[in-house]
Amino acid sequence: TLGENIGDLGGLTIAYKAYLLSLDGKEPEVLDGLTGQQRFFASWAAGWRQVIRSEEAIRRLATDPH
């Protein structure tokens, strides 16, 4: 999965640079105690989280190549 990891990191890097460009040099306000950068990465991480049943976790361990 090295290629996928590199692709994921490349996509995240491009998205983060686009986010910084969208700020146009301005500092985003702190919301709910989080800076703009913290919110950016928290939202990215939230896209990866999931809750699955233990049966599904076992199935994925047995069949998912990742």
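Each reported figure results from applying straightforward, stated rules to the coordinates on display, with no laboratory input. For clarity, every value in this text was computed on a predicted model and none was experimentally measured. When we count neighbours, we look across all protein chains shown, and the Cβ atoms used for this are built from the backbone with ideal geometry, even at glycine.
Taking the Cα centre of the range 2-63 as origin and charging only Cβ (+1 Lys, Arg; -1 Asp, Glu), how large is the dipole, in debye to the nearest 20? All intermediate terms of the calculation are to be shown ahead of the outcome.
Numbers: 7 positive and 8 negative charges, 40 e Å.
Its charge dipole is roughly 200 debye.
Shape of the chain from its Cα gyration tensor (a ≥ b ≥ c, root eigenvalues): rounded if a/c is under 1.5, otherwise prolate when a/b > b/c, or oblate? Judged from the Cα gyration tensor, the chain comes out oblate (a/c at least 1.5, b/c at or above a/b). Approximating the spin labels as points 7 Å out from Cα along Cα→Cβ, the S22-to-E4 distance works out to 2.6 nm.
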